[in-house]
Amino acid sequence: MKVGLTAFSNARWPSVSRTYAFYERSLRAAFDTEIIAQDAIADRARDLDVLVNFHGAMAWTRRTEIDCAVVYGMHGGMVVDRAFLAEHLGGCQSRDRFLINCTSDRAILAAASPARAAQADLLPLPVHARARPDRAVCREVLDLPGDTAVIGFVARLLPAKNLHGFLEMLARIKTAIAPKEVRAIVVGNYWADYPVLPFCTDGYQAVIKDSLARLGLEPDLMYFPAALSDEYLDMVYGALDLLIHPTFGIDENFGYVPIEAMAAGVPVVASAYGGVKDTVRESETGHLMPTWITAGGIRIDQETGIAAAVNLLSDETVRNKMANAARTHAQTYYSEEICRAALIASVKVAAAPADDSPAVVTPWPNRDQRTILPEVSRGWDEFAPVVHHYVSTEPPDITPGDRVYLPAVLVFETDSTVRSTDPAWPAEAKLSPDAIAVLSDLTYGTSVPVTSTWPDRAIATALIADGWLVVQKAVQELGQNAGPLP
C-alpha cells in the first residue's frame, strides 16, 4: 500500500509533535509512506491508496480533488475547530475515516451524523515503555526526603490547565495531612499568547506568584521548565506519590500526562473531562473530579479531588495498590504496539473498496449556552455548544447531604455586580439581593452542608447554573462515559 502523510512541524505544540512522530514511525513500519506538503495534496493523491491528514485544511477544502480515501486525524478539533468542521464535514466520503482519541469526540460526531460516528476509530496514543523508576533513587536525585508526600503537576502553565486550582488544592491537602510534610513538583512553561479563551494568559504568571505568596507555598514547591530530558522527566514521575491533573482546557481530547504518570506507577486525581474520562479508571488507577458547564464556564468539583488526595496520601496500602494498577493499565492500553495496531487498522479499512458517495450530515450539534464571561476572540460562546460532550455531568441539583462552595474569591461591587477572580473563568454579572446574600455568607476555601431549608431552591439552582456555586455530591455519580479505552 502507498500511504501519504501530511507534513507537520510546530515546535510550540510538543504534545502534538510527539503524536506526529508516532504517526510517522507507525505508518513507515507498515506501508510505503510519503510525507506530503499541503500544496501538493491534490496532485500526489493520484498515486496513493490512502491519505492520512494529520494536520491542515487542504484535505477538507479540496476533498473532491483527492482520488483516494482520506483518514482524518481529529486531535481535539471536534471542539476547537467546530465551526470549520461544521462547514466541511459533509464533503467527506463514506470511505473516509476519522481518528479520534476519546469517546467524547465520538459522541459529538454521532450528534452530527450517525454515519460519521460509525466511521470514527478510537486511537489511543502511546507512552514510552520504560523500567519503573526506583522511588528512593529519584528522591535522592531531587533532594527530597523519603518520608515526604510529593504531589506533581505537569502541563502548560495556562489558566485552562488550572495551576492556580492545583495550588489551592495543595494548600488544603498540606493542612489536612499535617504534620506529614508535603512537597510539590511543577513542570511546564507559561504561554502568554495562547489563542483559545484568552482571558488571562498574559498576566497568568503574576497570578501564580501572588497565589504562592498568599498560600505560603514557596518553600514547598520545586519547579522545572518543560524542556526536560525524558530521563529527568522519569525522575520527576518516579518521585511522586500522586499526580493532580485539574484541567478544564477545552481541547483536552486525550492528555498524555495522566498516562505518563500511571506508567510510572503514580495514581492520578484528575478532572473527569474529555479524554481523561477514558484514561483514568475511577477508584482503580486514580480518582475523577466531576465537571459540568455553566454560564460562567467549566466547573470542577475540586473538593472531591482534595478528599481523594488526602485519603491516598494517608493510606500507603491503598496508594500502593492503586499505583500497581495504574502501571498495569498504562502498559495494557497505551503501549506502542497497541496504539500502532489501531492506527494501521484504520488505514487498512479506509483502503478497502467502498462506496465513495458523501454521507448525510444533519445540522451540526448545537446547544444554547448563556454566558457571563467577557467577549474575546474565540470565546466561550464558540465552544460551549459541544463542550457538554466533554464534561462528565449536567450542572447538579442540590439535595440535603451535599455540600456547596465558591469556585473562586468573589468581588462584590456597590451596583450589585459580582466578579469572579478565577483567571480561567472571569465571570461577571449583576445579581439579585437574595443571590448576593447567599454568596456573601460563604467563605472561599470552605464548603457548607446543604440542609432541607438552605437556600431557596430557585436561587441555588440559578447560582449553580451560572457557576457561582460548586456542588460536592454526597454520593458521586461520574457519568456513563468514565472508563478505559476499549
Would you compute, from DSSP H runs of 4+ residues alone, the mean residue ellipticity of the chain at 222 nm, taking -39500 (n - 2.57) per run and dividing by the full residue count, rounded to the nearest 500?
-> -10500 deg cm²/dmol
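Let me have the relative contact order for region 101-201, percent, based on Cα pairs under 8 Å that are six or more residues apart.
It comes to 25 percent, rounded to a whole number.
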Just subtract the alpha-carbon distance of VAL376 and ALA30 from 0.36 nm times their residue separation and send over the number in nm, one decimal.
-> 120.1 nm
Taking the Cα centre of the chain as the origin and placing charges on Cβ (Lys, Arg +1; Asp, Glu -1), which of PRO449, ALA239, ALA272 is farthest toward the positive end of the dipole?
-> ALA239
For Kirkwood radius over Cα pairs in Å, which listed value, [x] 29.0; [y] 30.3; [z] 23.6, comes from the coordinates shown?
-> [z]
For ILE185, which sequence-distant residues (separation of 5 or more, or a different chain) have an amide H within less than 5 Å of its own amide H, given hydrogens modelled in the peptide plane?
-> ILE151, GLY152, PHE153, MET222
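Could you state the accessible area per residue of the chain in Å², with a 1.4 Å probe and every protein chain left in place? If you can, show how the numbers build up before the last one.
Values: 19680 Å² over 486 residues.
Roughly 40 Å² per residue, with all protein chains present.
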Using alpha-carbon coordinates, inclination of helix 336-351 to the longest axis of the chain, degrees = 50
So, with points 7 Å from each Cα along the Cβ direction, the GLU65-ILE338 label distance in nm works out to 4.1
Roughly speaking, what is the stretch gain from ALA192 to ASN320, that is 0.36 nm per residue apart minus the C-alpha to C-alpha distance, in nm to one decimal?
-> 42.2 nm
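Take every DSSP beta bridge with both residues inside the chain and express the antiparallel ones as a percent of the total, to the nearest 5. It would help to have the intermediate numbers written out before the result.
Details: 16 of 56 bridges.
That works out to approximately 30 percent antiparallel.
Which loop-located GluC sites (Glu not before Pro) does region 146-253 contain, where loop means any DSSP state but H, G, I, E or B and the Cβ has at most 14 other Cβ atoms within 10 Å? Intermediate values should be presented prior to the final figure.
Working: sites: GLU168, GLU181, GLU231, GLU252; in loops: GLU181, GLU252.
Sparse-neighbourhood loop GluC sites (Glu not before Pro): GLU181.
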Using θ = phi - 60° and the Karplus curve 6.51 cos²θ - 1.76 cosθ + 1.60, what whole-Hz ³J(HN,Hα) does each residue of region 14-22 get, with Gly and Pro shown as x?
-> x, 5, 6, 4, 5, 5, 4, 4, 5
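If the chain between VAL448 and SER9 were fully stretched, how many nm would it gain, using 0.36 nm times the residue separation less the Cα-Cα distance? Before the final figure, lay out each step's value.
Working: separation 439, 0.36 × 439 = 158.04 nm, distance 4.99 nm.
Computed gain between VAL448 and SER9 is 153.0 nm.
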Output the relative contact order of the chain, whole-number percent, from Cα pairs under 8 angstrom with separation of 6+ residues.
-> 17
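Averaging sequence separations of C-alpha pairs under 8 Å and six or more residues apart, then dividing by the length of region 23-111, give the relative contact order as a whole percent. Can you show the working numbers first?
Details: 84 pairs, mean separation 21.5, N = 89.
Answer for region 23-111 is 24 percent.
The values are calculated or read from the model by the stated rules, or taken from the named source; none is laboratory data. Everything quoted here is computed from the prediction, not taken from an experiment. Quick reminder, even Gly has a Cβ in these numbers, built from the backbone with ideal geometry, and neighbours come from all protein chains shown. The accessibility values were calculated without ligands, DNA or RNA, using every heavy atom of the protein model including side chains. Shrake-Rupley method; radii C 1.70, N 1.55, O 1.52, S 1.80 Å.
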